[in-house]
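Take this structure, written in structure tokens, and hold onto it; I'll ask about it next.
The values are calculated or read from the model by the stated rules, or taken from the named source; none is laboratory data. Given the structure is predicted, the values throughout are model-derived calculations rather than measurements. For neighbour counting, all protein chains shown are included, and Cβ atoms are generated from backbone atoms with ideal geometry for every residue, glycine included. Accessible surface is based on the protein model in full, side chains and every heavy atom, while ligands, DNA and RNA are left aside. Shrake-Rupley method; radii C 1.70, N 1.55, O 1.52, S 1.80 Å.
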Amino acid sequence: MAGVKDGKSTRRYRSAVREESARRTRQAVVRAATDLFVTRGYAATSLADVAAEAGVARPTVFAAFGSKAALLRQVLDEALAGDDEPVPVARRPWFQPVWEASDQGAVLDAYAGVCTLIGHRAAGAFETVRRAADEAPEVAELWETLLRNRRAGAAMVVDRLLTLDGPLRPDADTDRAVDALWFYNDPAHYAALVQRCGWTEESFRQWLAVRMRDALLGA
């Protein structure tokens, strides 16, 4: 019986080692793809390029992700979330200040912080998808998904505002408030002001919070 138990333990151990090795490989591939997609562009980057940059064989990349479009989607998912754990953005620790804020202004201040963090991690990946969407149908679908998800995020924050005391500004009904927040949560603003114009992230966060407050609360 001892020998059977030892054998099972060894198989479990080996399985865990293989799983960890596979995860490290996937992470290396995603890092390589992120760098190449952002610097070269989606069309100019092949799976073979990614494999070479990651130090693995092309079949390894294909086996892990299936296609270049699927790999791009994974790059975006990890840029948005910050890692490869299957936890929705709204449940991430860095999103919790939005739920914990005690007044409407504080909600928008917290959300401006979220948008700044996402811009820092994902602005380059978003721009890669936007540029590729005109020529690659599979990327165009991904771009539309990103737009819908950004709007869903804006709607979630507006719903949070409506649970707290204080109305939205008179000319901002719920749909218009979502429209405005969807406009401001675009990582392109971070790319323009921080990455291109050289603003500090704190200056950008403060600017964004003021714009959001003005658009939704009028103060």
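Using θ = phi - 60° and the Karplus curve 6.51 cos²θ - 1.76 cosθ + 1.60, what whole-Hz ³J(HN,Hα) does each residue of region 184-194 get, with Gly and Pro shown as x?
Couplings: 7, 8, 6, x, 4, 5, 4, 4, 5, 8, 8 Hz.
About its Cα centre, what dipole magnitude does the chain give when the only charges are +1 on Lys and Arg Cβ and -1 on Asp and Glu Cβ, stated in debye to the nearest 20?
That gives a dipole near 1080 debye.
Between L164, A154, W207, whose Cα lies farthest towards the positive end of the dipole of the chain when Lys and Arg beta carbons carry +1 and Asp and Glu beta carbons carry -1, centred on the Cα centre?
Farthest along the dipole direction, towards plus: A154.
Can you tell me how much longer the chain between D77 and R176 gets when fully stretched, taken as 0.36 nm per residue apart minus their C-alpha distance, in nm with one decimal?
Going from the current span to full extension adds 32.9 nm.
Another question, then. Placing +1 on the Cβ of each Lys and Arg and -1 on the Cβ of each Asp and Glu in the chain, which of L181, V107, V50 has its Cα farthest towards the positive end of the resulting dipole?
Sorting the options by dipole projection puts first V50.
Sorted by accessible area with a 1.4 angstrom probe, largest first, how do H120, H189 fall? Before the final figure, lay out each step's value.
Numbers: H120 105, H189 35 Å².
Sorted descending by solvent-accessible area, the residues read H120, H189.
T116 accessible area, nearest 10 Å², 1.4 Å probe?
10
At D165 and R196, where each label point lies 7 Å from the Cα along Cα→Cβ, what is the point-to-point distance in nanometres?
That separation, rounded to one decimal, is 4.3 nm.
Another one. Would you indicate which of (1) 1.05; (2) 0.99; (3) 1.09 is the value of Rg/Rh (Cα atoms, Kirkwood Rh) derived from the coordinates of this structure?
(3)
Ok, one more. For the chain, which whole-number percentage of the solvent-accessible area (1.4 Å probe, protein heavy atoms only) is attributable to carbon and sulfur atoms?
Numbers: 6380 of 12190 Å².
Carbon and sulfur: 52 percent of the exposed surface of the chain.
For helix 2-40, report the angle its Cα long axis makes with the longest principal axis of the Cα atoms of the chain; keep it between 0 and 90° and round to the nearest 10°.
Taking Cα atoms only, the helix is inclined about 50 degrees.
Moving on. ³J(HN,Hα) across region 114-126 via Karplus (A = 6.51, B = -1.76, C = 1.60, θ = phi - 60°), whole Hz, x for Gly/Pro?
Each residue's phi maps through the Karplus curve to give 4, 5, 5, 4, 5, x, 4, 8, 10, 4, x, 5, 4 Hz.
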